[in-house]
Amino acid sequence: MNNRIMSGMRPTGKLHIGHYLGVIDNWVKLQNKYESYFFVADWHALTTKYNKTENLRQDSIDVVTDWLACGLDPDKSTIYVQSLVPETAELHIYLSMITPQHWVEKDPTLKDIVKIIKSGDGGSEEITYGLLGYPVLMSADILLFNASFVPVGIDQVAHVEITRDIARRFNSIYGADVFNEPQPLLNECSYICGVDGNKMGKSYNNDIKISDTEESTAKRIMQAITDRSRIRRDDLGHPDQCEVAFKYWQIFGSADDIEKTKHACETGTIGCADCKRCLAAKVNERFKEIREKRKYYEEHPEIVRDIIYSGSEKARKTAQETLKEVRKAVQIY
Ligand code: TRP
């Protein structure tokens, strides 16, 4: 086992504060403890959106810009784009040859994606060979660096499991000790819902982007659902029944803020609108520095580009070492 972690995201474009609280903030901490690789899975985007590639490059840049703004540091972490490390594709070939068909067919995440595609809401109409290989490609990402840990959300754990199975099978078939079995490292995250109380997501139009302005953040927060039983400003409120606003306070406020808000709500001394105005200021304060940093990178896209290209070069070096072992084990030239 080494001290290496790796993780990635599909290029979904500008990220929201749920990504920050749930994933990126955790990566930013982990990069101080582990040799870290973080990448944009642009080939994975093709598994469902092979026919909608016009924004793919910009979406990858936007994702990396958000990461850098949030504190991923190219001096500590290797930041790269999957398609710039073609060694991934070669490893994917070897792994695809040894992965039993029923392993990919039972992938629960894939089953969900297939359901979405069949309902007509996905990017494409067709379930392709590439989509079926989603977990194998993900295994290639991880095993290419022989990462010991993969920091992911609970929804990706099944994919790390299949990666472990594939690693074991490879070692056993080729009588080699090339891969170690990576373990998921569950994100210690605060879950944040969208302003309407549902899962935060850009397609639900209920998200706050890392890149949003203070004004649009405030506007969004003013839409947040509160205690539905409170009609008039001086009605006594129930923070525990407040569907969104008080939950946000619990994430963004200090212990003192939370206590004061709770008291003011319960005694009817603050109305929901005023409460949300204060909350918006809190949220904006939390993202002030991140947004300033983001603006800097947005104005210097050549810096982001350099980080991506030099990170990808660095990643390739490590990848080539693994591939050398793999080729030897498989007895390929
Ligand atoms: N499947 C992951 C997601 O949708 C993205 C991903 C691709 C990934 N390859 C990976 C995550 C390797 C961790 C490690 O979020």
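Just so you know, all these numbers are worked out from the coordinates, no wet-lab data involved. Only a predicted model underlies this, so the values are computations on that prediction, with no experimental measurement involved. FYI the Cβ positions are ideal-geometry reconstructions off the backbone, even for glycines, and counts take in every protein chain you see.
Any idea what the relative contact order of the chain is, in percent, if you count C-alpha pairs under 8 Å spaced at least 6 apart?
Computed value for the chain: 23 percent relative contact order.
Kirkwood Rh, the chain, all Cα pairs: how many Å?
Over the chain, the inverse of the mean reciprocal pair distance is 21.6 Å.
Find how many whole Å separate the alpha carbon centroid of the stretch 152-229 from the alpha carbon centroid of the stretch 26-75.
13 Å
Order by neighbour count: MET9, MET222, fewest other Cβ atoms within 10 Å first, most last.
MET222, MET9
Could you give the angle, 0 to 90 degrees to the nearest 10, between helix 255-266's Cα long axis and the longest principal axis of the Cα atoms of the chain?
Tilt of helix 255-266: around 50 degrees.
Relative to the Cα centre, what is the charge dipole magnitude of the stretch 14-126, using +1 at the beta carbon of each Lys and Arg, -1 at the beta carbon of each Asp and Glu, and rounding to the nearest 20 debye?
Its charge dipole is roughly 260 debye.
How do THR88, THR217 rank when sorted from fewest to most other Cβ atoms within 10 Å of their own Cβ?
Starting with the residue having the fewest Cβ neighbours, the order is THR217, THR88.
For the chain, what is the charge dipole size about the Cα centre, in debye to the nearest 20, if Lys and Arg each add +1 at the Cβ and Asp and Glu each add -1 at the Cβ?
140 debye
Just tell me which lysines come within less than 23 Å, Cα to Cα, of LYS262; anything on the same chain fewer than 8 places away is out.
LYS219, LYS247, LYS276, LYS282
Rounded to a whole number of µm²/s, how large is the Stokes-Einstein D of the stretch 194-304 at 37 °C and 0.692 mPa s, given Rh as the Kirkwood radius over C-alpha pairs?
220 µm²/s
Dipole of the stretch 233-330, Cα-centred, from +1 at each Lys and Arg C-beta and -1 at each Asp and Glu C-beta, to the nearest 20 debye?
Computed charge dipole of the stretch 233-330: roughly 740 debye.
If each residue's Cβ is checked for other Cβ atoms within 10 Å, how do ARG277, ARG10 rank with the fewest at the top?
ARG277, ARG10
Any chance you could give the angle, 0 to 90 degrees and rounded to 10, that helix 134-143 forms with the longest Cα principal axis of the chain?
Between the helix axis and the principal axis of the chain, the angle is about 80 degrees.
For the chain, what is the mean residue ellipticity at 222 nm derived from helices alone (per DSSP H run of n ≥ 4: -39500 (n - 2.57); sum divided by total residues; nearest 500 deg cm²/dmol)?
Roughly -16500 deg cm²/dmol at 222 nm, from the helical runs in the chain.
Using a cut-off of 21 Å between alpha-carbon atoms, which lysines can reach LYS324, once sequence neighbours fewer than 8 places away in the same chain are excluded?
Qualifying lysines at Cα under 21 Å: LYS314.
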